[in-house]
1. Determine, yes or no, whether residue 343 is assigned to a helix (DSSP H, G or I), surrounded by fewer than 16 Cβ atoms within 10 Å (Cβ to Cβ) and not assigned by TED's automatic domain parsing to the domain that holds residue 225.
2. What do you reckon, is residue 321 more than 25 Å from residue 234 (Cα to Cα) and either surrounded by 17 or more Cβ atoms within 10 Å (Cβ to Cβ) or in contact with a helix residue (DSSP H, G or I) (Cβ under 6 Å, 6 or more places away or on another chain) (or both)?
3. Only one of 313, 290, 346 is touching a residue at least 24 places away in the same chain (Cβ under 8 Å) and more than 24 Å from residue 227 (Cα to Cα). Can you tell me which?
4. So in segment 269-283, with the set limited to residues that are at pLDDT 90 or above and buried (at least 17 other Cβ atoms within 10 Å of the Cβ), which one is nearest to residue 226 (Cα to Cα)?
5. As an exercise: evaluate residue 129 against (1) touching a strand residue (DSSP E or B) at 6+ places or on another chain (Cβ under 6 Å); (2) over 30 Å from residue 226 (Cα atoms); (3) surrounded by fewer than 19 Cβ atoms within 10 Å (Cβ to Cβ) and give the number of the one condition it does not meet.
6. With respect to the numbered conditions (1) touching a strand residue (DSSP E or B) at 6+ places or on another chain (Cβ under 7 Å); (2) buried (at least 18 other Cβ atoms within 10 Å of the Cβ), which one is the sole condition not fulfilled by residue 58?
7. I want to confirm something. Restricting to segment 235-267 and keeping residues that are under 20 Å from residue 160 (Cβ atoms) and assigned to a helix (DSSP H, G or I), which single residue is farthest from the chain's Cα centre (by Cα)?
């Protein structure tokens, strides 16, 4: 096998890095993706998630180790199987990428380089700098998602929805992954950050064009949003009553126990979504009221230096975003183009980590 860079060959062999690819009906692209990945790693593993177009066979012929899943169960399930298999094979680190061509294998060296500098960190590819190459609705949903996921993860993550990532398996093994489909990738970032792990980003190209993604903008965004909202009550309750505790995730916590039961998990998500607005207001009161008695409560928020008002406002305005989007679509039907929602999102869902904080 040949490698594009001899330094990368050493890195791969020392760090035991392999590439993992969840694949579903990507027969047209998977072979080239696998071959491209093999230029930089000694092992490529593919999970064929019940494809009906021979994707697994194409990956196998390209040299990948393939896990065949009988029926389509979603990206999250495929990732979990690949994590387990990679660890079983003795790998310590995996690079996850998509099989549909949205992730350029030639960018693997940049991810490996970032990993070598900080081997304990999760590395995430970021496309947010290439706004002109990302469909408008997708970019807006990514912008809002990163605001709330970054809050839950206690750090700014430039692109929370990109699946091109480096995962240290020791970190993955410290968390219980309870969610499925595209929600799993958000769950990993939230739990890793809420354990105190660092998440950094490497800017990559944004490839869309004619590529057909299996991501469902309405259903999958709703599922991700529901999980994010359901994560905050227990996190912020803990932060409210325990001073100096920004990292609240531990395996076996109440949120994970609820998630063991699908019906209970879905009910909990519905309840937290319904009470989301009043809960946000209660947290605002607790942020200021309990501080008199406890001091450094809500420490993950206090370290930002902005107070809780911007977060409260962002949560309260979420329903308004949906209304604006609906109005813009209706205006579009009669020939009136509006991009008001773009500026609205930029204003009310800011990057809280790079603005000079005002005193509370």
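The values are calculated or read from the model by the stated rules, or taken from the named source; none is laboratory data. Worth saying up front: this structure is predicted, and the values here are computed from it rather than measured. Virtual Cβ from ideal backbone geometry, glycine too; neighbours counted across all protein chains shown.
1. Working: assigned to a helix (DSSP H, G or I): yes; surrounded by fewer than 16 Cβ atoms within 10 Å (Cβ to Cβ): yes; not assigned by TED's automatic domain parsing to the domain that holds residue 225: yes.
Yes.
2. Working: more than 25 Å from residue 234 (Cα to Cα): yes; either surrounded by 17 or more Cβ atoms within 10 Å (Cβ to Cβ) or in contact with a helix residue (DSSP H, G or I) (Cβ under 6 Å, 6 or more places away or on another chain) (or both): yes.
In short, yes.
3. On the way: 313 fails: more than 24 Å from residue 227 (Cα to Cα); 346 fails: more than 24 Å from residue 227 (Cα to Cα).
Checking each option against the conditions leaves just 290.
4. Here the residue is 269.
5. Result: residue 129 fails condition (2) only.
6. Going through (1) touching a strand residue (DSSP E or B) at 6+ places or on another chain (Cβ under 7 Å); (2) buried (at least 18 other Cβ atoms within 10 Å of the Cβ) one by one, residue 58 breaks only (1).
7. 236
Residue-wise test of (1) in the same structural domain as residue 44 (by TED's automatic domain parsing); (2) under 22 Å from residue 177 (Cβ atoms); (3) touching a residue at least 24 places away in the same chain (Cβ under 8 Å); (4) under 18 Å from the mean Cα position of the chain (by Cα).
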| site | (1), (2), (3), (4) |
| --- | --- |
| 78 | yes, yes, yes, yes |
| 94 | yes, yes, yes, yes |
| 105 | yes, no, yes, no |
| 108 | yes, no, yes, no |
| 112 | yes, no, yes, no |
| 122 | yes, yes, yes, yes |
| 127 | yes, no, yes, yes |
